[in-house]
1. For region 95-141, which GluC sites (Glu not before Pro) are in a loop by DSSP, counting at most 16 other Cβ atoms within 10 Å?
2. Net charge near Asp135, counting Lys/Arg +1 and Asp/Glu -1 over other residues with Cβ under 14 Å of its Cβ?
3. List every residue whose amide H lies under 5 Å from the amide H of Val95, counting only residues 5 or more places away in sequence or on a different chain, with H placed 1.01 Å from N in the peptide plane.
4. If I take R0 = 25 Å and measure r between the Cβ atoms of Leu232 and Ala212 in this structure, what FRET efficiency does the formula 1/(1 + (r/R0)^6) give, to the nearest 0.05?
5. Placing +1 at every Lys and Arg Cβ and -1 at every Asp and Glu Cβ, with all other atoms neutral, what dipole size does region 28-76 have around its Cα centre, in debye to the nearest 20?
6. If Lys and Arg each add +1 and Asp and Glu each add -1, what is the summed charge of the other residues whose beta carbon sits under 10 Å from the beta carbon of Pro64?
7. How many nm is it between the label spots at Ala108 and Ser164, if each spot is 7 Å from the Cα in line with the beta carbon?
8. Could you check the spin-label model distance between Ala62 and Asp100? Points 7 Å from the Cα along Cα→Cβ, value in nm.
Amino acid sequence: MTTPTHIAIIMDGNGRWAKARGLPRLAGHRAGVEALRRTVRAVSGTPVRWLTVYAFSSENWARPKSEVFDLMGLLKLYIRRDLAELHQSGVRVHVIGDRDGLAKDICALLAEAETLTRGNTVLNLVIAFNYGGRDEIVRAMRELAESARRGDIDPESIDEAVVSRHLDTAGMPDPDLLIRTSGEIRLSNFLPWQAAYSELVFLPCYWPDFSAEHLDEALRIYAARERRFGGLAAQGVAS
Ligand code: IPE
Ligand code: IPE
Ligand code: MG
C-alpha cells in the first residue's frame, strides 16, 4: 500500500461536536486536543514522517474574544503537558504561521518546543498556528521584494524553489494527503501553495471523534488514488 510521507489535517468540527452534546464550544476544543494527542501517537506508528495540523488560522481572530483566549490557553496547555512525551517519543516539533501576532509567552513556548526537539527524527509534527496561506505568501513576497531592492537577489532568478524557500514550510516536503474533518469541503486558507498536488480527503466525522480507524480509512482512500502531477497514468505511458 502506498503510504504518504506527509499528512496535513484540518482539525475541524470541535464546536459542532460540543453543540451536539449540549456542551460549550470550549469542551469541543478540549476534546479536540485529546484527538490530536491520539492522532500523533497513531501516526508515530506508521511510516508517515510528517504531520501538519491546522490549529488556529489567521482568520480565527474573527471569533469572539473569549474563544480566541480559550484557544490560546489550550495551545499553551498542550505544549506544557505534552512536550516531554513528544520529545521522549522522538517527535520533532515545528511551528508555522505568523509569530509576530502572538503573545510573548506563547512565542517562548513555541521556541522552547522547537529547540528541545530539534534532534528528533521519528515524526515531524508541524503545528500551524496563526497560520494563513495568503498571509504566508504575502510575508514571503515582502522578503523577496526587500532582497531585490537591496540588490541581493535578481528578480529573474525567482522560481518556484526560491518562493518555497521563503515560505514558513521551507525545507519541508509538500503534503501528499490532506484530510479535513467535519464535512466541510474547502481549504480555509490552509497550505494553498504546498497542497497544489495533495490528495484531498474529506471525512464527515467531527475532529474530536477522529480515531485510528479514520486515519486508516484516509490512508486506504489515499492508496487507491492515482497521482499524476499533470502527466499521464502509468498505463497511459505504456499505450
Ligand atoms: C476547529 O473546530 C478548531 C478551530 C478552528 C480552532 P471549530 O471551532 O471550527 O468547530 P466548528 O467548525 O465550529 O464545528
Ligand atoms: C479552519 O477551520 C481552521 C482550523 C481548523 C484551525 P474554520 O472552522 O476556521 O474554517 P471555516 O471558517 O469553516 O472555513
Ligand atoms: Mg470550523
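No lab work stands behind these numbers, since they all come straight from the coordinates. These numbers were taken from a predicted model, which means no experiment stands behind them. Glycine gets a Cβ as well: all are built from the backbone with ideal geometry, and neighbour counts include every protein chain shown.
1. none
2. Net local charge, Asp135 excluded: -2.
3. It is Ile127, by chain and number.
4. 0.10
5. 200 debye
6. Cβ neighbours under 10 Å give a net charge of +1.
7. 3.7 nm
8. Using points 7 Å along Cα→Cβ, the separation is 2.2 nm.
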